[in-house]
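This report refers to the structure that appears directly beneath it.
Taken together, the values in this text are just the output of simple stated rules run on the coordinates, not laboratory data. These numbers come from a predicted model, not from an experiment. For neighbour counting, all protein chains shown are included, and Cβ atoms are generated from backbone atoms with ideal geometry for every residue, glycine included.
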Amino acid sequence: MHNWNTKYPRRFDLDANDDYLKWRDEKLAAYPRNVGELVVELGNMTAITPTEKAAIMDRVERANMCVVTAGTAPLEMDSLLALGRQLGVSHTDKSTRHAQSDELTDSGILNRAIPFSTRHVNWHTDATYYGSHRTIEALFLLCRRPALEGGSNKVLDNEILYIHLRDRNPDALRVLTSKACFNYRDPATGEIHPECGGKVFWTNPDGHLCHRFSFRKTDMAWADDADIAAARGVLEAMIAAEGPHIIEGRLESGMGLVSNNVLHTREKLVDSDDPAHKRLLYRARFYDRVTPA
Ligand SMILES: [Fe+2]
């Protein structure tokens with residue numbers, strides 16, 4: 001364990017360069033170089049051993065995510081929730097959403113919202129529409145059936161994006177960490193909800209970095225502010241450029257993702273016409289965070 005949160009508590013403080021620079025160098029040196037380094041094979045996702053838990057926490061500290069296998073556990077939502085409980089996360093947002101929205105499949109629900117289709121999904125963190133006061137800090141996935149073709153994910157640790165911004169454009173980062181940058185806009189009515197707004201980057205009470213971003217336009221109401229517009233341009237260009245720290249992989253049947261709501265895409269896919277064989281991933285989102293001890 002690196003214990004960065006204890007060692008460098010001010011690493012996300014723009015006025016504390018010492019902590020930041022030491023943490024940055026250690027973080028970049030430890031960051032996984034490919035999806036293989038993220039994988040931890042579990043004997044049974046619903047009953048992990050201390051060694052398996054330590055291996056997951058190692059990946060989460062280094063990259064805010066880990067790719068796991070279900071082992072002998074059944075490929076169902078309850079297995080994902082059981083894994084979450086063992087990793088300290090249990091407060092889901094299920095009660096606030098459509099009953100089927102935790103099953104990512106080409107169902108066409110929610111007015112054919114893009115996660116429930118076969119289309120490409122651009123870079124985002126999940127649940128930006130809750131605002132920064134009710135952040136989804138952890139996002140878990142479990143694949144029951146992959147697509148016939150495609151449907152892989154690109155992922156990027158939010159902390160790596162933070163490092164790139166801080167090194168290359170600290171002025172933009174200062175705006176993104178200090179101003180209320182975007183609110184939720186109801187796509188149906190156009191009504192803007194400032195109570196579902198907030199910053200792009202901030203830290204939670206335990207000192208961990210939180211992030212909310214999406215390229216999606218329909219429900220994003222960016223503030224009418226020249227500094228925010230400029231910072232948004234810097235941020236979007238940096239994400240779109242997809243630097244060397246992007247990791248890409250496809251979850252096959254029995255594979256899952258544990259993450260602290262890292263930035264991700266979903267590549268477009270070709271699905272089966274047979275509903276019984278369509279791509280199906282279970283998704284769990286938590287208000288808590290997977291926190292290495
Ligand atoms: Fe997502």
Starting with the fewest neighbours, write out 49, 135 ranked by other beta-carbon atoms found within 10 Å of each beta-carbon. 49, 135
Which whole-angstrom value gives the distance between the alpha carbon centres of the range 73-130 and the range 196-225? 19 Å
Backbone HN-Hα couplings from phi across the range 200-214 [Karplus 6.51/-1.76/1.60, Hz, Gly and Pro as x]: 8, 10, 7, 10, 7, x, 8, x, 8, 6, 10, 8, 9, 7, 7
Sorted peptide list for 64-73, 7-16, criterion being average Cβ within 10 angstrom, highest first: 64-73, 7-16
So for 105, 128, fewest C-beta neighbours within 10 Å to most, what's the order? 105, 128
Using only C-alpha atoms and all pairs of different ones, pull out the Kirkwood radius for the range 27-136 in Å with one decimal. 16.2 Å
For the range 72-153, would you read off the P(r) tail past 16 Å as a percentage of all alpha carbon pairs? 62 percent
Relative contact order for the range 4-286: what percent, with Cα pairs under 8 Å and sequence separation of 6 or more? 30 percent
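Using the alpha carbon gyration tensor of the range 4-286, what are the three equivalent-ellipsoid semi-axes (square root of 5 times each eigenvalue), largest first, in whole Å?
Numbers: eigenvalues 168, 120, 56 Å².
Value: 29, 24, 17 Å, ordered largest first.
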Ranking of 23, 202 by count of other Cβ atoms within 10 Å, fewest first: 202, 23
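Counting helices only, and only those DSSP H runs with n ≥ 4, report the 222 nm mean residue ellipticity of the chain as the sum of -39,500 (n - 2.57) divided by its residues, in deg cm²/dmol to the nearest 500.
Counting only the DSSP helices, I get -8500 deg cm²/dmol.
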Could you give me the percent of Cα pairs per 5 Å distance bin for the range 144-283, shortest bin first, beginning at zero and ending with the bin that holds the maximum distance? 2, 9, 16, 17, 16, 15, 12, 8, 4, 1, 0
Past 25 Å, Cα to Cα, is the threshold; run 27/53; 22/154; 27/217; 94/278 against it and keep the listed order. 22/154; 27/217
Spin-label point model (7 Å from Cα, Cβ direction): what's the residue 179 to residue 78 distance in nm? 5.0 nm
The range 128-206 - convex hull of the alpha-carbon atoms, volume per residue in Å³: 163 Å³
Applying 1/(1 + (r/R0)^6) with R0 = 41 Å to the Cβ-Cβ distance of residue 171 and residue 58, what FRET efficiency is obtained, to the nearest 0.05? 0.75
When the chain is modelled as a GNM with alpha-carbon springs shorter than 10 Å, which of 53, 22, 268 fluctuates the most? 22
List every residue whose amide H lies under 5 Å from the amide H of residue 68, counting only residues 5 or more places away in sequence or on a different chain, with H placed 1.01 Å from N in the peptide plane. 40, 256, 257, 258
³J(HN,Hα), Karplus 6.51/-1.76/1.60, whole Hz, each residue of the range 83-98, x for Gly, Pro: 4, x, 4, 6, 9, x, 10, 8, 8, 8, 9, 3, 5, 9, 10, 3
Any residue on another chain or 5+ positions along whose placed amide H is under 5 Å from the amide H of residue 197 is listed here as 132, 184
Count charges around residue 286 for me, please; just the other residues with Cβ under 14 Å from its Cβ, Lys/Arg as +1, Asp/Glu as -1. +2
